[in-house]
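Notes follow once the structure below has been shown.
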Amino acid sequence: MSNRDRILEYALTLMNEEGAEAANTTRIAAELGISPGNLYYHFRNREEIVRVLFETLQAEFRAVLVEDVGPPIRPARFAAFYLRSFDLAWRYRFFFGGLLGLLRRDEELARSYRALQEWAIGELESIAGQLVKDGSMSRPRGRDGLRSVALNTWLIWMNWIRFLQISGKEAVTPSDVAAGANQLFDVLVPYLDPVFEKAARRVLARDLPG
């Protein structure tokens, strides 16, 4: 593994365990047994490390959202989005937990995040629209019903880790994050065809960590 990859791997672990503030460049270099100059050769500061980690996160999320969404969308594919997106939330939990502070400190990161958010809400709206066309979901009431469903989906995914932290969870576990997938699924249950819902529920019950 290259020093660059070692830096990213250790920084991600440290940030997930202690928050982004704990991952200063001096500490990372010392823990990895490399000189500060070696670290600065790859990354000028902590913000640059966070940016690179976010690029990996958003690339994975984009793939999760657009992969295999051709019509009709099957229950297993629908459930897979929840499973894989909340697995991402777990693996990059430092970002979700410290989102506001990270964005305030780095305008470049904030621009990237806003671009992802705009794109993701549009894609989620398209997926909801496809489910309606497939007959797997009834159209939400209101002129912007599909947009509202998409926005709610995004808000729960992005804020679930912070909800757990604010609720007093000292250490967030995979099962805590998995509960977010069920919560998000519950938002759509009133609109889903019962047969489609049951099939997707079976996949979630089987594959979510307990």
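The values are calculated or read from the model by the stated rules, or taken from the named source; none is laboratory data. Worth saying up front: this structure is predicted, and the values here are computed from it rather than measured. Using ideal geometry, Cβ is built from the backbone for each residue, glycine included, and neighbour counts are taken over all protein chains shown. In case anyone asks, the SASA skips ligands and DNA or RNA and just uses the protein heavy atoms, side chains included. Shrake-Rupley method; radii C 1.70, N 1.55, O 1.52, S 1.80 Å.
Restricting the first member to segment 133-152 and to residues that are of a type in the set (S, T, N, Q), and the second to residues that are open to solvent by less than 20 Å² (accessible area, probe 1.4 Å) and not in a helix (DSSP H, G or I), the beta-carbon pairs closer than 9 Å and six or more apart or on different chains are Ser136/Ile73; Ser136/Leu192; Ser138/Leu192; Ser148/Pro140. For segment 92-112, the set of residues classified as within 20 Å of Trp160 (Cβ to Cβ), open to solvent by 20 Å² or more (accessible area, probe 1.4 Å) and in a helix (DSSP H, G or I) consists of Arg93, Gly97, Leu100, Gly101, Leu103, listed by residue number. The condition of being free of Cβ contacts under 8 Å to residues at least 24 places away in the same chain and either of a type outside the set (A, V, I, L, M) or touching a Phe, Trp or Tyr at 6+ places or on another chain (Cβ under 7 Å) (or both) holds for only one of Gly19, Gly37, that being Gly37. Among the residues of this structure, Trp160 counts as one that is in contact with a Phe, Trp or Tyr (Cβ under 9 Å, 6 or more places away or on another chain) and either closer than 21 Å to Glu55 by Cβ or buried (at least 19 other Cβ atoms within 10 Å of the Cβ) (or both). Among the residues making up segment 117-139, those that are touching a Phe, Trp or Tyr at 6+ places or on another chain (Cβ under 9 Å) and surrounded by fewer than 18 Cβ atoms within 10 Å (Cβ to Cβ) are Gln117, Ile121, Val132, Asp134, Gly135, Ser138, Arg139.
Suppose the filter is surrounded by fewer than 17 Cβ atoms within 10 Å (Cβ to Cβ), over 18 Å from Leu88 (Cα atoms), at pLDDT below 95 and not basic (Lys, Arg); does Glu170 pass it? The answer is yes for Glu170. Scanning segment 55-93 for residues that are closer than 22 Å to Val187 by Cβ and among the β-branched types (Val, Ile, Thr) yields Val64, Val66, Val69, Ile73.
Residue count for segment 60-91 under the criterion of being surrounded by fewer than 19 Cβ atoms within 10 Å (Cβ to Cβ), of a type in the set (Val, Ile, Thr) and in a loop (DSSP other than H, G, I, E, B): the result is 1. Filtering segment 162-185 to residues that are more than 19 Å from Leu204 (Cα to Cα), assigned to a helix (DSSP H, G or I) and in contact with a Gly (Cβ under 9 Å, 6 or more places away or on another chain) leaves Arg162, Phe163, Leu164, Gln165. In segment 175-193 there is at least one residue matching the filter, namely being surrounded by 18 or more Cβ atoms within 10 Å (Cβ to Cβ), touching a Lys or Arg at 6+ places or on another chain (Cβ under 9 Å), within 23 Å of Ala80 (Cβ to Cβ) and among the β-branched types (Val, Ile, Thr).
Across segment 30-52, the number of residues qualifying as crowded, with 19+ Cβ neighbours inside 10 Å and in a helix (DSSP H, G or I) comes to 4.
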